[in-house]
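Notes for the one structure printed next.
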Amino acid sequence: MIKVKNNSPATGDNIKIIDEIVRRHNIHRGAAIPILQEIQTTFGFVPPEAITRISDLTGIAESELYSIATFYAQFRLEPVGKNIICVCHGTACHLAGAEKVTEALQHATGARPGGTSPDGLFTLEKVACLGCCSLAPVMTVNGETVAKVTPEKARAVVKSLREAAQKNKTAKGGRP
Amino acid sequence: MGTGQYKVKVGLATCGVAAGGQKTYEKLRQLLSGLGIDPEKTGCMGMCYCEPLVEVITPEGKSYVYGSVDEKEAEKIVREHIQGHRPVKELLVLSPEEETEHSPYMEKQHRVLLGFLGKVNPESIDSYLSAGGYEAVKKAVGTMTPEEVIAEIEIAGLRGRGGAGFPTHLKWKFTREAPGEQKYLVCNADEGDPGAFMDRSILESNPHGVVEGMIIAGYAIGATQGYVYCRAEYPLAIKNLRKAIAEAREHGYLGEKICGSGFNFNIQIREGAGAFVCGEETALLMSMEGKRGMPRFRPPYPAQKGLFGLPTCINNVETLANVPCIISRGGKSYSSLGTENSKGTKVFALAGKIKRGGLVEIPMGMTINEIVFDIGGGISTGKKFKAVQTGGPSGGCIPAELGDTPVDYDSLQAIGAIMGSGGMLIMDEETCMVDVARFFLSFTCDESCGKCTFCRAGTKKMLEILDKITEGRGEESDIDLLVELGEQIKAGSLCGLGQTAPNPVLTTIKYFRDEYLAHVRDKRCPAKICKALIRYVILPDACVGCGVCRRNCPVNAISGAPKEPHVIDQEICIRCGLCQAGCRFDAIVVETGLPEADTDKKR
């Protein structure tokens with residue numbers, strides 16, 4: 001959480017980036033969603049400071065922006081972990097045991113579905129159908145699809161990501 | 001020599017990539033570069049069950065399709081087939097010389113739309129043009145009046161493929177006749193039904209087909225601007241579509257004075273933000289206007305007052321992809337396929353416990369059994385076929401006994417299911433119908449936008465009752481309560497989401513009441529799925545005491561000395577199944593119902 005404040009986007013250069021995003025989309029009618037989408041792509045989440053800034057620039061009330069950001073599942077109002085794991089909970093994946101995969105990941109990462117692990121390494125999400133039903137169950141790890149996941153395979157993925165993070169840490173001389 | 005004339009295609013739609021197709025492609029590129037062959041990327045051939053797929057086309061034009069090709073197998077194919085001119089028999093899934101066990105999957109289908117998928121390169125307009133692409137635009141815009149185009153669609157009998165089945169020509173006619181200069185066409189690519197991926201595959205693998213359909217539709221209704229509202233969860237579809245739109249513009253199929261006529265048309269992409277209800281047309285429009293995706297009251301229909309208050313026609317991806325086929329081949333030829341009231345073909349996403357799952361296209365009227373057994377090859381687990389679910393969370397479960405039902409709009413409706421957008425989920429004996437119903441309801445409950453009380457609070461109440469039943473606290477009266485509540489939600493909801501949300505529950509109660517009764521009366525889950533009603537038990541005779549389960553258990557519920565049979569403490573166990581998954585001796589089994597001893601006592 002402390003980290004967030006350091007990256008608070010509403011400072012210096014970041015304000016310029018937000019302004020630029022708004023400027024680019026605001027020529028179209030009904031641009032609130034594309035603006036929020038690009039803010040999220042840029043910062044990884046939609047920070048409250050950005051909402052205030054968008055409201056100032058577009059004249060759309062902050063309350064309305066929040067109402068949009070909380071309605072759509074895509075938007076996150078909190079920062080995410082280093083690794084994002086999304087487990088597909090579509091029908092085919094459900095039948096093939098997605099629940100067990102999520103449970104295994106929950107234990108392995110320490111993150112609850114929809115949340116981030118205390119060490120900030122993992123964000124775990126249950127998502128609607130990813131459309132790879134013939135390869136069920138499916139999850140995406142940092143955007144890459146992993147097919148036919150088993151609880152073991154899921155735990156192995158977490159283990160290797162954890163090791164990679166550890167290595168990174170030591171390489172940087174032990175600084176977090 | 002002659003190796004230079006071989007052509008190699010690799011299927012790289014989402015399924016292919018997920019199965020490791022990118023690595024296969026890179027390997028092939030590396031191996032083939034020395035031979036002067038450049039492997040081509042294509043889309044989804046529809047055989048998702050044996051991705052990654054590689055097609056080798058010989059200098060004589062014969063096509064060999066290889067399945068489940070990893071890097072090692074790619075090497076073998078290059079060495080033996082392309083350099084040695086001998087097909088690698090054991091890896092072939094489709095061969096021009098002989099029947100394979102996979103042949104019926106393709107032969108029983110009728111691939112009109114899917115014919116392009118896996119054949120054309122989705123990233124190249126030239127590839128689409130050489131397959132006859134954009135001829136339909138030239139014909140429609142160059143030689144037909146908008147009214148003639150609409151008449152041709154009427155002859156074809158095309159109905160909306162998004163699920164509701166509204167006649168397409170009527171939608172077009174209403175929008176065309178609505179007063180106003182500015183009209184919009186929206187392609188609904190917000191494919192949200194879990195278990196359905198037809199639209200994704202079409203957009204990824206043949207984006208030009210959809211663009212072409214949109215141009216013709218735009219011409220027919222008199223729109224100058226088209227939008228594609230696509231799920232953000234489909235990044236590859238959006239990427240390929242974006243490229244297709246740019247290429248179509250360069251070639252003069254989009255923009256001003258298309259094909260030398262006075263018709264101007266452009267297409268823009270809007271990405272959805274993850275709300276299932278936005279597949280409903282009025283909610284979709286709200287979302288495009290930058291608001292919360294909450295459905296509006298109809299009338300006025302979008303054809304009169306749609307996007308930003310202007311006449312708007314909203315068609316599904318598959319509907320639009322059908323349009324060029326109809327214009328090229330003529331409406332009559334199209335309507336020769338299918339049944340009396342359901343014309344043409346329909347694409348289904350076959351998934352679940354099926355041997356050959358993937359994208360299949362069948363003429364309307366084919367029976368469920370033909371699809372499951374002849375095309376799909378039957379049940380993957382070797383267990384008994386129990387039911388099929390169509391239409392996702394809006395649809396119904398059809399029991400295996402009704403497998404002779406023809407798949408068309410009216411026949412499916414008659415048995416309480418719907419055609420839906422094309423998800424077809426196959427279930428076997430190991431599927432708990434109460435759990436499936438609960439799964440769909442928890443989905444719709446989550447996705448209800450909250451506008452109508454019955455949908456918002458009613459689905460929640462139904463979910464609570466289903467939770468009660470799956471947790472073994474249910475009573476017999478709960479089943480009737482579910483039916484009553486379900487009927488009221490259907491009657492009291494504004495949009496399709498609420499009107500159809502109870503369907504999975506109502507149809508499973510109708511056809512599988514026994515299973516509900518087993519849960520409430522005997523506290524038993526016959527499929528051994530519902531956690532509260534099952535327990536994992538270690539068989540002392542089979543357990544060798546290796547300790548793997550003890551170490552795997554996340555809650556330390558398993559105890560036992562090395563080389564001695566282990567025991568699971570049922571009080572601590574959370575029924576995650578990790579112990580069973582890791583056991584190499586099949587020593588852990590699942591039991592349901594009251595323990596044998598207790599049952600004896602009761603007797």
Is it the case that segment B:186-205 has a residue that's away from every other protein chain (no Cβ under 14 Å) and either of a type in the set (Phe, Trp, Tyr) or in contact with a Pro (Cβ under 9 Å, 6 or more places away or on another chain) (or both)? no
Of residues in segment A:63-87 being within 25 Å of A:Val138 (Cβ to Cβ) and outside any loop (DSSP other than H, G, I, E, B), the one farthest from the chain's Cα centre (by Cα): A:Val87
Residues located in segment B:7-56, provided they are more than 30 Å from the chain's Cα centre (by Cα) and either among the acidic types (Asp, Glu) or in the same structural domain as B:Gly352 (by TED's automatic domain parsing) (or both): B:Asp38
Residue check for B:Glu370: at pLDDT 95 or above, in a strand (DSSP E or B) and within 16 Å of B:Met106 (Cα to Cα): no
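Residue by residue, here is whether (1) polar (S, T, N, Q); (2) without any contact (Cβ under 8 Å) to a residue 60 or more places away in the chain; (3) farther than 24 Å from B:Val120 by Cα; (4) surrounded by fewer than 24 Cβ atoms within 10 Å (Cβ to Cβ) holds:
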{"site": "B:Ala164", "(1), (2), (3), (4)": "no, no, yes, yes"}
{"site": "B:Gly180", "(1), (2), (3), (4)": "no, no, yes, yes"}
{"site": "B:Tyr229", "(1), (2), (3), (4)": "no, yes, no, yes"}
{"site": "B:Lys243", "(1), (2), (3), (4)": "no, no, no, yes"}
Taking the stated definitions as given, is B:Glu289 of a type in the set (Asp, Glu), assigned by TED's automatic domain parsing to the domain that holds B:Thr175 and more than 28 Å from the chain's Cα centre (by Cα)? no
Quick one: how many residues across segment B:137-161 are touching a Pro at 6+ places or on another chain (Cβ under 8 Å) and assigned to a loop (DSSP other than H, G, I, E, B)? 3
List pairs: first residue in segment B:567-591 and more than 10 Å from chain A (Cβ to nearest Cβ), second residue assigned to a strand (DSSP E or B) and charged (D, E, K, R) anywhere in the structure, Cβ distance under 8 angstrom, at least six positions apart or on different chains. B:Ile568/B:Arg535; B:Gln570/B:Arg535; B:Cys573/B:Arg535; B:Val590/B:Arg535; B:Glu591/B:Arg535
Which of (1) within 9 Å of chain B (Cβ to nearest Cβ); (2) in contact with a helix residue (DSSP H, G or I) (Cβ under 9 Å, 6 or more places away or on another chain); (3) part of a helix (DSSP H, G or I); (4) not charged (D, E, K, R) does A:Ile60 not meet, given it meets every other one? (3)
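Please verify whether B:Gly306 is of a type outside the set (Phe, Trp, Tyr), over 27 Å from the mean Cα position of the chain (by Cα), within 14 Å of chain A (Cβ to nearest Cβ) and within 30 Å of B:Asp408 (Cα to Cα), treating the condition exactly as stated. Outline the logic, then answer.
Details: of a type outside the set (Phe, Trp, Tyr): yes; over 27 Å from the mean Cα position of the chain (by Cα): yes; within 14 Å of chain A (Cβ to nearest Cβ): yes; within 30 Å of B:Asp408 (Cα to Cα): yes.
Yes: the conditions hold for B:Gly306.
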Verdict on A:Ala98 being modelled with pLDDT under 95, surrounded by 22 or more Cβ atoms within 10 Å (Cβ to Cβ) and more than 9 Å from every other protein chain (Cβ to nearest Cβ): yes
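Please list, ordered by residue number, the helices (runs of 4 or more DSSP H) wholly in segment B:493-602 having 1 or more residues that are exposed (fewer than 14 other Cβ atoms within 10 Å of the Cβ).
On the way: elements: B:496-500, B:503-521, B:548-552, B:578-582, B:596-602.
Hits in segment B:493-602: B:503-521, B:548-552, B:596-602.
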Is there a residue in segment B:317-335 that is within 13 Å of another protein chain (Cβ to nearest Cβ), within 27 Å of A:His28 (Cα to Cα) and without any contact (Cβ under 8 Å) to a residue 24 or more places away in the chain? no
Test: residue in segment B:91-111 that is in contact with a helix residue (DSSP H, G or I) (Cβ under 8 Å, 6 or more places away or on another chain), closer than 23 Å to B:Val149 by Cα and crowded, with 16+ Cβ neighbours inside 10 Å: no
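The values are calculated or read from the model by the stated rules, or taken from the named source; none is laboratory data. No experiment lies behind these values; they were computed from the predicted model shown. Cβ sites come from the backbone with ideal geometry, for glycine too, and all protein chains shown count toward neighbours.
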